[in-house]
Amino acid sequence: MKNQLALSLFVIFSLLSISCKKEIGESLSNSTDNFKSGNCGSNVISDYNSIVTEHNLARTNAQVAESNRLVDVFHSKYRGINCKATIGFGLKKREITITNALVAGMKL
């Protein structure tokens, strides 16, 4: 039980550390909603974090259904997504590319 709690807390804190890099000259609205190329906007990161959190904490049928619903909403909102985000922190910090295929693979 302690290991599950520790893992859950680690996942949550890792998700909270996901950040997006703001390019010079990028407008504020573009930095929050960008998802077609370059660095993911903050709204995209927030929506992605919601899916990852639901996915990792899903234990009941209702939680699985909610996780899958969020994936479907994400696909509708960000068709053709292909942007970069930084996940983790410290030595575990790395860059990922968020695509529709990546998110589709999170369906339970």
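The values are calculated or read from the model by the stated rules, or taken from the named source; none is laboratory data. Note that the structure is a prediction, hence the values are computed from the model and not measured. In this analysis, Cβ positions are derived from the backbone assuming ideal geometry, glycine residues included, and neighbour counts consider all displayed protein chains.
For every residue, the table says whether it meets (1) on the phi < 0 side of the Ramachandran plot; (2) at pLDDT 90 or above; (3) of a type outside the set (A, V, I, L, M, F, W, C).
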{"position": "D33", "(1), (2), (3)": "yes, no, yes"}
{"position": "N39", "(1), (2), (3)": "yes, yes, yes"}
{"position": "S46", "(1), (2), (3)": "yes, yes, yes"}
{"position": "N68", "(1), (2), (3)": "yes, yes, yes"}
{"position": "G80", "(1), (2), (3)": "no, yes, yes"}
{"position": "L91", "(1), (2), (3)": "yes, yes, no"}
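The numbered conditions (1) closer than 15 Å to A101 by Cα; (2) modelled with pLDDT under 95; (3) in contact with a helix residue (DSSP H, G or I) (Cβ under 7 Å, 6 or more places away or on another chain); (4) not polar (S, T, N, Q) are all true for F74 except (2).
Summed over region 66-100, residues that are loosely packed, with under 12 Cβ neighbours inside 10 Å, in a helix (DSSP H, G or I) and small (G, A, S) total 2.
Between A62, A6, the distinction of being surrounded by fewer than 13 Cβ atoms within 10 Å (Cβ to Cβ), in a helix (DSSP H, G or I), modelled with pLDDT of 95 or more and out of contact with any Lys or Arg (no Cβ under 8 Å at 6 or more places or on another chain) belongs to A62 only.
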